[in-house]
Amino acid sequence: MTRRSIQNLFFKTAVLFIILLGVTAVTAPLIVPYSPTDQDVSIRFSPPDTTHLMGTDNFGRDLFSRILFGSQSALIVGIVSTSIAVFIGMIIGLWAGLGSKISDSILMLLMDSLLSFPTILLAITVVSFFGYGLVQVMLAIGVIFSPVFARIVRAEALIIKTESFVEASRALGTPVFKRIFIHIIPNLLAKVIVQSTITFALAIVIEASLSYLGLGTQPPTPSWGLMLKDAKDYLIQAPWMAVYPGLVLAFTVFSFNIIGDTLSEKLNPRILKQ
Amino acid sequence: MIKRFTVALVLVLMLTIPGGAFANGEKEIKPLNFALSGNPDTLDPQATSGTLTFQVDKSIFDTLAEPDENGVIVPALAESWDVSEDSLVWTFHLRKGVKFHNGDTLSSADVKATFERIVDEKTASPNKKAFDVIKSISTPDNLTVVFTLDKPYAPFLGSIASGWGAILPKSLIDADHDFGSEPVGTGPYVMTEWVRDSKIVLSKNKDYWMVGYPKIDQINMNIIPESSVQMQGLVSGQLDIVYMVGNDDVPILEKSEDVKLVKGLTSLIMVMAINCSAAPFDNLKVRQALNYAIDKQKVLDTAYAGGKPIGTFMDYGNAYYKDFTNLYPYNPEKAKQLLKEAGVDLSREIKMYLPQNYPPHVKAGEMYQEMLTKVGLNVKIQMVDWSTWISDVYRKSQFDLTVIGHTGKLDPNGTLSGYGKGKYVQWNNDEAASLIEKAAVTMGYEERKALYDKALGIMAREVPFVYTGSSYRIQGFRKNIDGFRMTPNLDTFDFRWTNFK
């Protein structure tokens, strides 16, 4: 097998896994074998078997059902915070790239100062300021990742606005907003999409980290990070409590990264030509 | 060439000889490694009511009197005391030649300054009430302190002997010293280092007034909130004592040959506190419903290390305990019915605040949440850190429900004082409040017991809490540890007798 075909196989597996995850998240209430929050202390710490595929946790809750439900919070965090980041980044990036020199300098200075903070630290700061919870976490992640998009959008906009077709459209008297929506945005979408898949994966990891620290999703809502937090008290008695959420989290992030990598090659005309 | 080689060889040898080999002359200090379950908010014994603070301060400070192993109050910094016939004048005779860690010698002026500081509004001590009864303090000589009280006050000796009765040096009080981060007392250990959220190092006070004590030179209080880390530390020998082993860890610890376990009932009152000031919990029926909805024994067995259910606000082993557990047995159907009768809007969101540095309370909270959900209530969990819990939940009553354990007190008044007149549960009941106040100024066990029985009965029926129970405590020790004591009713650690075998 060539390098390319291996990469293709990885890409297909990753896409399949994400689709599966998406379907699971949407249909979770219909397909889970048990309620994810129902406790039954008589069956605490049951190891994985045919009745409880991934075993049970310290309250006797079914881990398999909790992991399926956990995909909901993971994907919601990914979608919402990436959308926030793209939205803010797009506006600021376009403004900086197409606006005046002064607004460009000020906006980029702002974005760079945001970028200079370590991500998790900034997220913890934001969350401890606005209170613990999923909504705050999504907002924090969205804001924190917006500078990356602002940088990409600005760079692309600077190039595209000097292309001849944009110049021509301007000469023909097309209004500014129409020009932005028809000519500029479609041409920078490729890069934004690639960056989105990477941000998506990072957002899931950060949500899990914050939940692990007790700052994110609040119990008993199933979240992979929260499940790992519960598991750490029982690593010896019930290792399955840590293993399965950890594996699913790792696969999800890995898949998004593979998709991101592959897309960046496929959508980049410069690499394709080689 | 050879010379150069020799130099290199010597250098290499110097690098490989362990550093310890040169320090043979000094006596090696063997510290005791202890696990503390959280970072104290302050170490000023007058500034807080947090147990973690007193668990550390017990080794740094002394009190005039203290409870012994059996809970009997015995002399400490005071060698003896006399009480006048009318119980109004308490005269304490201080021990001679006791040194503070800063070199000051203990005198009656220090005692006077200490108690003046705690009742000073500026100190804002949560335990001020315990000493408000003091009318005047006089110091006839260097070693005699006379307290004159407003009224006969039975809990006075208990307050003097509790952690918040710690004696501070006058010179530092006058200098406005920050006792919160640099505590200075007369205690068996001197605090030499406090790395926030990591460890507190205590070194032996060589001038301690109990000759021959403490035994161990140094105690490292490692701040470790996670019980699994504590347990692994105990098994591997990195920790010598874990004072509270989780129920789920017992099977693993029992397998270890180097660890011994000791089980006993705590004086803790485990509760789910209810904020009675706001709807729907201002309605007695709703509070009763909460009590019916909770399977208390199940929570004790799963979240805590097992225990005895209590039906009222007094710990199970207390001499003033009275059994009311039959009032609201576990009965979810009855709970649903009561909620219906009360006409509660079930969709209204109820916030349950959990102190995230106490995993057992968090686990109990998750169980309460599930049981309350089953009777139809919409309960949302909100985790908070310890300082937020103290400042917002406890001091400002910003909560609907919360989960906590109240430590026992030397005198039942310490446990009950203030209830019926608000407190953090915002529960008002004039009859209970006046019974509790009356019991405080009544002398004699029988007389006081009769009053407390009535007050506890009201609290049991009116349920400003879900009274879960007094939990067991399983202590884990390395086999070579001997003589570790916990102060009865106060839940603090007494390392003076602790030693390596």
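Counting only other chain Cβ atoms within 10 Å of each residue's Cβ, the peptide B:365-375 averages 3. At each listed q (0.12, 0.16, 0.19, 0.23 Å⁻¹), what is the log10 of I(q)/I(0) that the Debye formula gives for region A:40-131 modelled as equal alpha-carbon point scatterers? Calculated log10 I(q)/I(0) at the listed q: -0.64, -0.83, -0.97, -1.10. Backbone geometry of region B:244-251 corresponds, through the Karplus equation with coefficients 6.51, -1.76 and 1.60 at θ = phi - 60°, to 3J(HN,Hα) couplings of 9, 8, x, 3, 6, 8, 4, x Hz, x marking Gly and Pro.
Listed values for region B:190-199 are Karplus-derived 3J(HN,Hα) couplings in whole Hz (6.51 cos²θ - 1.76 cosθ + 1.60, θ = phi - 60°), namely 9, 6, 9, 7, 9, 9, 3, 6, 10, 7, and x replaces Gly and Pro.
In the frame of its principal axes, region B:454-501 has Cα extents of 51, 18, 13 Å, reported largest first. Within 10 Å of the Cβ of each residue in B:242-252, the mean number of Cβ atoms contributed by other protein chains is 2. Overall shape of chain B was characterised from the C-alpha gyration tensor. The equivalent ellipsoid obtained from it has semi-axes of 42, 33, 19 Å, in decreasing order. Measure nothing but the geometry: give the 0 to 90° angle between the long axis through the Cα atoms of A:101-115 and the longest principal axis through the Cα atoms of chain A, rounded to 10°. Roughly 20 degrees, rounded to the nearest 10.
With a simple spin-label model that places each label point 7 Å from the Cα along the Cα-to-Cβ direction, the separation between A:S105 and B:S138 comes to 7.9 nm. In plain terms, the bigger the Kirkwood radius, the slower the diffusion; for region B:57-200, with that radius from Cα pairs, at 10 °C and 1.306 mPa s, Stokes-Einstein puts D at 101 µm²/s. Which translational diffusion coefficient, to the nearest whole µm²/s, is obtained for region B:309-356 from the Stokes-Einstein equation, given a Kirkwood hydrodynamic radius over C-alpha pairs, 25 °C and 0.890 mPa s? So the translational diffusion coefficient is about 177 µm²/s. Using a Gaussian network model of chain A in which every pair of alpha carbons under 10 angstrom is joined by a spring, one finds that among A:F177, A:F129, A:F64 the greatest mean-square fluctuation is at A:F177.
Note that region B:133-277, at 25 °C in a medium of 0.890 mPa s, gets a Stokes-Einstein diffusion coefficient of 124 µm²/s from its Kirkwood radius over C-alpha pairs.
Taking the longest Cα principal axis of chain A as reference, the axis of helix A:3-31 is set at about 60 degrees.
Give me the tail of P(r) for region B:324-472 as a percent: Cα-Cα pairs with distance above 21 Å. Of all Cα-Cα distances in region B:324-472, 53 percent exceed 21 Å.
Residues A:I76, A:I6, A:I141, arranged from fewest to most other Cβ atoms within 10 angstrom of their Cβ, appear as A:I6, A:I76, A:I141. Of A:V126, A:V194, the sequence from fewest to most neighbouring Cβ atoms within 10 angstrom is A:V126, A:V194.
Among B:394-407, B:159-172, the peptide with the highest mean count of other Cβ atoms within 10 Å heads the list, and the full ranking is B:159-172, B:394-407.
In terms of Cα to Cα distance under 20 Å, which lysines are near enough to B:K322, apart from those fewer than 8 places away along the same chain? B:K322 reaches B:K296, B:K308, B:K409, B:K438, B:K449, B:K454. From helices alone, chain B scores -8500 deg cm²/dmol at 222 nm; the rule is -39500 (n - 2.57) for each run of n ≥ 4 DSSP H residues, then divide by the residue total.
Derived from the Cα gyration tensor, the three semi-axes of the equivalent ellipsoid of region B:205-316 are 38, 21, 13 Å, largest first. For the segment A:213-223, counting C-beta atoms of other chains within 10 Å of every residue's C-beta and taking the mean gives 4. Its convex hull of Cα atoms gives chain A a direction-averaged projected area, equal to a quarter of the hull surface, of 18.3 nm². When every Cα-Cα distance of region A:1-70 is counted in 5 angstrom steps from zero, the calculated P(r) takes the values 3, 17, 19, 16, 12, 10, 9, 7, 4, 2, 0 percent. For the protein assembly as shown, the orientation-averaged shadow of the C-alpha convex hull comes to 48.2 nm² (one quarter of the hull surface). What fraction of the Cα pairs in region A:151-203, stated in percent, has a spacing above 13 angstrom? The calculated P(r) of region A:151-203 puts 61 percent of pairs beyond 13 Å. A simple rule links phi to the HN-Hα coupling: the Karplus curve 6.51 cos²θ - 1.76 cosθ + 1.60 with θ = phi - 60°, which for region A:167-177 gives 4, 4, 4, 5, 4, 6, x, 5, x, 4, 5 Hz, with x for Gly and Pro. Close amide H contacts of B:G422 (hydrogens built in the peptide plane, cut-off under 5 Å, sequence separation of 5 or more or a different chain): B:W427, B:N428, B:N429. For region A:79-202, the pair-distance distribution built from all alpha carbon pairs, in bins 10 Å wide starting at 0, is 13, 40, 30, 13, 4, 0 percent.
Bear in mind that the values in this text are calculations on the coordinates, not laboratory data. Just so it is clear, the model here is predicted, and its values are computed rather than measured. In this analysis, Cβ positions are derived from the backbone assuming ideal geometry, glycine residues included, and neighbour counts consider all displayed protein chains.
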